[in-house]
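All remarks here apply to the structure that follows.
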Amino acid sequence: MRELLASDLQKKYPGSKITQAGSLAELRQVPAKELATLSLAIVDLELPDGNALDWAEAYAARPESPKIVILSAIKEDFILFRALRSTIPGFVHKTDGRETLALAIDAILSGHAFFSPTVQHLRKAMHADPAFFNKILTGKEQHILQLIGEGLSNEEIAEVEGSKVSTIVDHRKNLMNKLGIHSATELMRYALTKGFARI
């Protein structure tokens, strides 16, 4: 897919320089000077060694406002929520096809935002869902849920948070009550299913 996309872009924009990275490690090794010269970054969130959303958010927040399009098949609520709330101006779901990506690239290079039909549908579903996590969980609870999803114990989470273990136990109880979950296993499953963490 990456090679095909690079070939398409080279044909459409002859003379342009295309830099590729096939993993998060490779992406992080691209020199800052080279990143500063890019007209557009197309970032697939699902890289072999991790999710690239943190990198994409940091890149999009640079003062020179680089142009960026996320390309992803992810449908997990937490990842989508973060991506849509960021300053990233473009998001194309892989199910929308190469033609849609081409439209997104043209729009972003022209200074416009672009969200593909599938992404728009998912965003509407989020807004319409009264049980969507952001409507019932505080920011702190969402962070605790991330740490739970990563498999940390109450003691480990307390250390990360600089809190008492009893405070983390209370957070865990509140999470379960708000989400209607009755066991630690269900809570972990929720965190993983919604994209708060990955194994």
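Read-outs throughout are calculated quantities, based only on the coordinates presented, and are distinct from any laboratory measurement. Quick caveat: nothing in here was measured; it's all calculated off a predicted structure. Here Cβ is always computed from backbone atoms with ideal geometry, including for glycine, and neighbour counts include all displayed protein chains.
Charge tally around A83: other residues with Cβ under 13 Å, Lys/Arg +1 each, Asp/Glu -1 each, net -2.
Out of these labelled values of Kirkwood radius over Cα pairs in Å, (1) 17.1; (2) 18.6; (3) 23.6, which was calculated from the coordinates shown here? Recomputing Kirkwood radius over Cα pairs in Å here picks out (2).
The HN-Hα couplings worked out from phi for segment 162-169 by the Karplus form 6.51 cos²θ - 1.76 cosθ + 1.60 (θ = phi - 60°) are x, 10, 7, 4, 4, 5, 5, 4 Hz, whole numbers, x standing for Gly and Pro. Where both bridge residues fall in the chain, DSSP classifies roughly 15% of the beta bridges as antiparallel. Fewest-first ordering of H182, H143 by other beta carbons within 10 Å of each residue's beta carbon gives H182, H143. Taking H placed 1.01 Å from N in the peptide plane, check which residues at least 5 places from A41 or on another chain put their amide H under 5 Å from its amide H. Here K67, I68, V69 satisfy the definition. Each residue of segment 103-116 was assigned a 3J(HN,Hα) from its phi angle through the Karplus expression (A = 6.51, B = -1.76, C = 1.60, θ = phi - 60°), giving 4, 4, 4, 4, 5, 5, 5, 8, x, 9, 8, 8, 10, 5 Hz with x at Gly and Pro.
Amide H to amide H, with H built 1.01 Å from N, F114 comes under 5 Å of G90, F91, counting only residues 5 or more places away or on other chains. Here the relative contact order of the chain, from alpha carbon pairs under 8 Å that lie six or more residues apart, stands at 15 percent.
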